[in-house]
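*Asks:* This is the structure I have questions about; it appears just below.
The values are calculated or read from the model by the stated rules, or taken from the named source; none is laboratory data. Bear in mind the structure is a predicted one, so any value in this text is a computation, not a measurement. Every residue, glycine as well, gets a Cβ built from its backbone with ideal geometry; the counts of neighbours run over all protein chains shown.
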Amino acid sequence: MSEQKIGARRWLKNRRSERIELHVPVGIYRRAEEGPPFYENTQTLIVSAHGALIPLKALVATKQKFVLQNTNSGEQQECRVVSINNELSGPCKVAVEFTQPSPRFWRVAYPPSDWTTSS
């Protein structure tokens with residue numbers, strides 16, 4: 001087996017929950033106690049029971065805390081920025097993780113088997 005396949009398998013094994021491509025409209029904002037006001041409407045690119053990958057135009061920093069609101073349901077969940085991928089053109093791709101796992105946040109009818117509340 002090639003080293004690349006072993007690395008990919010290890011990467012998948014280390015995931016806490018399966019990721020799925022899903023475009024959900026969300027709003028992301030910063031609470032007053034976390035810094036200057038900030039609000040942006042966007043949509044997810046990828047979701048999991050532990051967070052999402054979203055495009056953002058605003059400049060953010062890793063470990064920064066925000067509230068993510070699922071526009072369809074109105075539900076809100078606190079999250080923090082875990083990584084930022086600056087694109088050459090267009091918005092950055094920002095990975096956010098929930099401070100508490102929330103597999104039902106995305107309202108996926110048939111979620112992956114590893115999306116349990118004990119994730």
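*Asks:* Considering only residues of the stretch 36-51 that are closer than 21 Å to Q100 by Cβ and out of contact with any Cys (no Cβ under 8 Å at 6 or more places or on another chain), which is surrounded by the fewest Cβ atoms within 10 Å (Cβ to Cβ)? Give the steps one after another, and end with the answer.
*Replies:* Step one: filter the stretch 36-51 for residues closer than 21 Å to Q100 by Cβ, giving 44, 46-51.
Next, from what is left, pick out any that are out of contact with any Cys (no Cβ under 8 Å at 6 or more places or on another chain): 44, 46-50.
On the way: T44: 21, I46: 15, V47: 26, S48: 26, A49: 23, H50: 21.
This residue is I46.
*Asks:* Would the stretch 80-98 turn up any residue that is within 22 Å of P112 (Cα to Cα) and in contact with a Leu (Cβ under 7 Å, 6 or more places away or on another chain)? So that I can check it myself, show each step before the final result.
*Replies:* Here is the first cut: in the stretch 80-98, the ones within 22 Å of P112 (Cα to Cα) are 95-98.
Subset that is in contact with a Leu (Cβ under 7 Å, 6 or more places away or on another chain): 95-96.
Within the stretch 80-98, one or more residues are within 22 Å of P112 (Cα to Cα) and in contact with a Leu (Cβ under 7 Å, 6 or more places away or on another chain).
*Asks:* Further question on the same structure: Identify the residue in the stretch 74-102 that is assigned to a loop (DSSP other than H, G, I, E, B) and modelled with pLDDT of 95 or more and, among all such residues, is surrounded by the fewest Cβ atoms within 10 Å (Cβ to Cβ). Before you say what the answer is, go through the steps one by one.
*Replies:* Quick first cut of the stretch 74-102, residues assigned to a loop (DSSP other than H, G, I, E, B) only: 74-75, 86-91, 99-102.
From what is left, the residues that are modelled with pLDDT of 95 or more are 74-75.
Working: G74: 8, E75: 14.
For the stretch 74-102, the residue satisfying everything is G74.
*Asks:* On to the next question. Filter the stretch 52-73 down to the residues that are surrounded by fewer than 13 Cβ atoms within 10 Å (Cβ to Cβ) and small (G, A, S) and list them by number.
*Replies:* Taking the stretch 52-73 as the starting set, the residues that turn out to be surrounded by fewer than 13 Cβ atoms within 10 Å (Cβ to Cβ) are 57, 59, 61-63, 72-73.
Once the filter is applied, which keeps residues that are surrounded by fewer than 13 Cβ atoms within 10 Å (Cβ to Cβ) and small (G, A, S), the stretch 52-73 yields A61, S73.
*Asks:* Please indicate, with yes or no, whether at least one residue in the stretch 103-118 is farther than 18 Å from E34 by Cα, modelled with pLDDT of 90 or more, touching a Leu at 6+ places or on another chain (Cβ under 7 Å) and of a type in the set (A, V, I, L, M, F, W, C).
*Replies:* yes
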